[in-house]
1. Which members of the stretch 64-77 meet the condition of being farther than 15 Å from residue 32 by Cα and exposed (fewer than 13 other Cβ atoms within 10 Å of the Cβ)?
2. Just need a number here: residues in the stretch 1-10 that are closer than 16 Å to residue 28 by Cα and either exposed (fewer than 11 other Cβ atoms within 10 Å of the Cβ) or touching a residue at least 60 places away in the same chain (Cβ under 8 Å) (or both).
3. Determine the pairs where a residue that is free of Cβ contacts under 8 Å to residues at least 12 places away in the same chain, located within the stretch 61-88, has a partner that is surrounded by 13 or more Cβ atoms within 10 Å (Cβ to Cβ) and outside any helix (DSSP H, G or I) with Cβ atoms under 6 Å apart, the partner being 6 or more residues away or on another chain.
4. Is there a residue in the stretch 46-60 that is modelled with pLDDT of 95 or more, closer than 22 Å to residue 28 by Cβ and more than 13 Å from the chain's Cα centre (by Cα)?
5. Would you say residue 30 is in contact with a helix residue (DSSP H, G or I) (Cβ under 7 Å, 6 or more places away or on another chain), within 27 Å of residue 81 (Cβ to Cβ) and surrounded by 13 or more Cβ atoms within 10 Å (Cβ to Cβ)?
């Protein structure tokens, strides 16, 4: 959000407000959803370890990634990978 507000010379608060008005969601929620969609693709399309995937989608700590993934998707990243691969 800081980069967006700096680019358009807006305050962070105003840029956040505009983002929510345009998309219907908070910027942080948008970013989390974007990261989780990317993580789901990586879990399905690669054999990379979950720790590496967590870093690739912007998480410093894999435990934070795992908690967020489970909160958003409903299952752990490992369970998601196993379940989706068993459906193929």
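The values are calculated or read from the model by the stated rules, or taken from the named source; none is laboratory data. Note that this is a predicted model, so its numbers are computed, not measured. Here the Cβ positions follow ideal geometry from the backbone for every residue, glycine too, while neighbour counts run over all protein chains shown.
1. none
2. Looking only at that region, the number is 2.
3. Pairs that qualify, where the first residue is free of Cβ contacts under 8 Å to residues at least 12 places away in the same chain and the partner is surrounded by 13 or more Cβ atoms within 10 Å (Cβ to Cβ) and outside any helix (DSSP H, G or I), are 70/76.
4. No, that holds for no residue.
5. For residue 30, the condition - in contact with a helix residue (DSSP H, G or I) (Cβ under 7 Å, 6 or more places away or on another chain), within 27 Å of residue 81 (Cβ to Cβ) and surrounded by 13 or more Cβ atoms within 10 Å (Cβ to Cβ) - is met.
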